[in-house]
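Here is the structure we will look at.
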Amino acid sequence: VQLQASGGGLVQAGGSLTLSCVVSGDIGSINGMGWYRQFPGRQLEMVARIINEGTTDYAESVRGRFTISEDKPNNAVYLQLNNLRSEDTAVYFCSARRRSSNVFSSWGQGTLVTVSS
């Protein structure tokens, strides 16, 4: 499975961005998609995920501001980021959950989101 993320950039606080992730390869081996982020010097943290045919889950810090959605015909997953804050500045990664293990173990390259205050 290969994941290609895009959509990061520089935005002012209060602004919006949409991140996209296109998945290719053995799509049938996946049963969930997610977005994670990493702050400098810190571990990855889950931002949002969609699993089990549509169940969504969000980090408390982004609930109500970010929305994850999927476009199954185009093998894509999106993360809409609204009302961005400076503390959302991070590298964002998309990930796929493998059906065989129920673990998010396939990763795309990161895309940098920078929010200026």
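For the reader, a short list of remarks on this structure follows.
- Selection within the stretch 1-49 - over 26 Å from Asn83 (Cβ atoms) and free of Cβ contacts under 8 Å to residues at least 40 places away in the same chain: Gly25, Asp26
- Residues of the stretch 67-112 that are β-branched (Val, Ile, Thr) and either out of contact with any Lys or Arg (no Cβ under 9 Å at 6 or more places or on another chain) or closer than 13 Å to Gly14 by Cα (or both): Thr67, Val77, Thr89, Thr111.
- Residue in the stretch 22-35 that is among the aromatic types (Phe, Trp, Tyr) and over 10 Å from the mean Cα position of the chain (by Cα) present: no
- Residues that are surrounded by fewer than 14 Cβ atoms within 10 Å (Cβ to Cβ) and either farther than 19 Å from Thr114 by Cα or of a type in the set (Val, Ile, Thr) (or both) within the stretch 1-17 comprise just one, Gln2.
- Top-ranked residue in the stretch 97-111 [being in contact (Cβ under 8 Å) with a residue 24 or more places away in the chain and part of a loop (DSSP other than H, G, I, E, B); ranked as least open to solvent (accessible area, probe 1.4 Å)]: Gly108
- Residues that are under 11 Å from Tyr92 (Cα atoms), open to solvent by less than 40 Å² (accessible area, probe 1.4 Å) and modelled with pLDDT of 95 or more within the stretch 18-47 comprise Leu19, Ser20, Cys21, Gly34, Trp35, Tyr36, Arg37, Val47, listed in sequence order.
- Here Thr114 does not qualify as assigned to a strand (DSSP E or B), modelled with pLDDT of 95 or more, open to solvent by 50 Å² or more (accessible area, probe 1.4 Å) and in contact with a strand residue (DSSP E or B) (Cβ under 8 Å, 6 or more places away or on another chain).
The values are calculated or read from the model by the stated rules, or taken from the named source; none is laboratory data. Just so it is clear, the model here is predicted, and its values are computed rather than measured. FYI the Cβ positions are ideal-geometry reconstructions off the backbone, even for glycines, and counts take in every protein chain you see. The area values use the complete protein model at the heavy-atom level, side chains included, leaving out ligands, DNA and RNA. Shrake-Rupley method; radii C 1.70, N 1.55, O 1.52, S 1.80 Å.
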